[in-house]
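Here's the structure we're looking at; comments come further down.
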Amino acid sequence: MAYRWKNTLNAEDVTPYSAYLNRRQVMSGLAAGAIAGALPAGVRAQDGLDPNTWEEITSYNNYYEFGTGKDDPARYAHRLTIDPWTVQIDGLVDKPGDYSFADIMSQMTVEERIYRFRCVEAWSMVIPWNGFELADLLDWVGVQPLAKYVAFQTALRPDEMPGLSRPVLDWPYVEGLRLDEAMHPLTMMATGIYGRDIPKQNGAPMRLVVPWKYGFKSIKSVVRITLTDQEPPASWNVANPREYGFYSNVNPNVDHPRWSQATERRIGGGLFAKRQPTLMFNGYEDEVAHLYEGMDLSEFI
Ligand SMILES: Nc1nc2c(c(=O)[nH]1)N[C@H]1C(S)=C(S)[C@@H](COP(=O)(O)O)O[C@H]1N2
Ligand SMILES: [Mo]
């Protein structure tokens, strides 16, 4: 891309979530990486925030616009044109309009967040994202009082996205969040990984990341954000409402109809690595459980 932005987070910075994210511990863990090989596997496995490698994060992907195989996005996503990039922001906002990605980035504070990532297919990774809080973007455009939900849409480019020729999903890929979920400080728009620009297979130039929800909620290459008073459609919910709900919160107690959600396989753990227990809300329970108070989470999946 024609411009760069700076990662504003230093190792010394302490953000409100840094205690949970345990960045300092991860940093010292990285420093101790040289001796990690000498530790028993069980000791290493207990460090839940040991990031996956760049190679793992960028070569094992889901991005059905480029095909349904895990290696299709890495193979074909280079075809996507991301410069220039425009995001249409409309609906119940004070300042609707077409915003260039560069304009958005000039207004946002980019920082690093290391989050657990849990796919509904029961595999997981730990990813050091760079990005900004979605709440900052929504505050900038001004959310109107009647807004209750945020709808998102991915680019629809048949010439650049070979997977669109197959009716796997009802294209374009769309997603939605309740407004309070969207405004939560853990919810971010990711624009980088390991301090580099986010690769196209991971959703360049910006993709949603909601760490307490299954990975499919994290819609890639966003071109439209709409504030609305109606629950917006979400691609996987539309495709198969029995298997995928609107909320899609990580929940080890509610199985997917075709497989268990109680455990997960950490990518990169090796063929014989033990499956790990999946945590309620992917381990972010203290931060987000209050959003769902009084809701039956076996009904609102
Ligand atoms: N536009 C779009 N966004 C998408 C998808 C997709 O197919 N198209 N797949 C989702 C699924 S199922 C997952 S698990 C994550 C994968 O993100 P990653 O490839 O960066 O790990 O992206 C999500 N976002
Ligand atoms: Mo997924």
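The values are calculated or read from the model by the stated rules, or taken from the named source; none is laboratory data. Note that the coordinates shown come from a computational prediction; the quantities given were computed from them, not determined experimentally. FYI the Cβ positions are ideal-geometry reconstructions off the backbone, even for glycines, and counts take in every protein chain you see. The protein model used for the area step is the full one, side chains on, heavy atoms only, and it has no ligands, DNA or RNA in it. Shrake-Rupley method; radii C 1.70, N 1.55, O 1.52, S 1.80 Å.
Please calculate how many Å² of accessible area the range 161-202 carries per residue, with a 1.4 Å probe and no DNA, RNA or ligand atoms counted. List each step's numbers first, then the result.
Values: 1470 Å² over 42 residues.
Value returned for the range 161-202: 35 Å² of accessible area per residue.
Considering only protein heavy atoms and a 1.4 Å probe, what is the carbon-and-sulfur percentage of the accessible area of the range 234-301? Working shown, then result.
Numbers: 2030 of 3860 Å².
Of all accessible area on the range 234-301, carbon and sulfur atoms account for 53 percent.
How large is the charge dipole for the range 40-292, taken about the Cα centre, if only the Cβ atoms of Lys, Arg (+1) and Asp, Glu (-1) carry charge, to the nearest 20 debye?
Details: 25 positive and 33 negative charges, 181 e Å.
With Lys and Arg at +1 and Asp and Glu at -1, about 860 debye.
For Ser248, tell me the accessible area in Å² from a 1.4 Å probe, rounded to the nearest 10.
Here the accessible area works out near 10 Å².
With a ≥ b ≥ c the root eigenvalues of the C-alpha gyration tensor of the range 40-292, is it rounded (a/c under 1.5), prolate (a/b larger than b/c) or oblate?
On the way: a/c = 1.44, a/b = 1.31, b/c = 1.11.
Here the range 40-292 falls in the rounded category.
Which value, in Å², gives the accessible area per residue of the range 82-141 when a 1.4 Å probe is used on the protein heavy atoms? Before the final figure, lay out each step's value.
On the way: 1980 Å² over 60 residues.
I get 33 Å² per residue for the range 82-141.
What do you get for GluC sites (Glu not before Pro) in the range 205-301 restricted to DSSP loop and a cutoff of at most 14 other Cβ within 10 Å of the site's Cβ?
On the way: sites: Glu243, Glu264, Glu285, Glu287, Glu293, Glu299; in loops: Glu243, Glu293, Glu299.
Of the GluC sites (Glu not before Pro), the ones in loops of the range 205-301 whose Cβ has at most 14 other Cβ atoms within 10 Å are Glu243, Glu293, Glu299.
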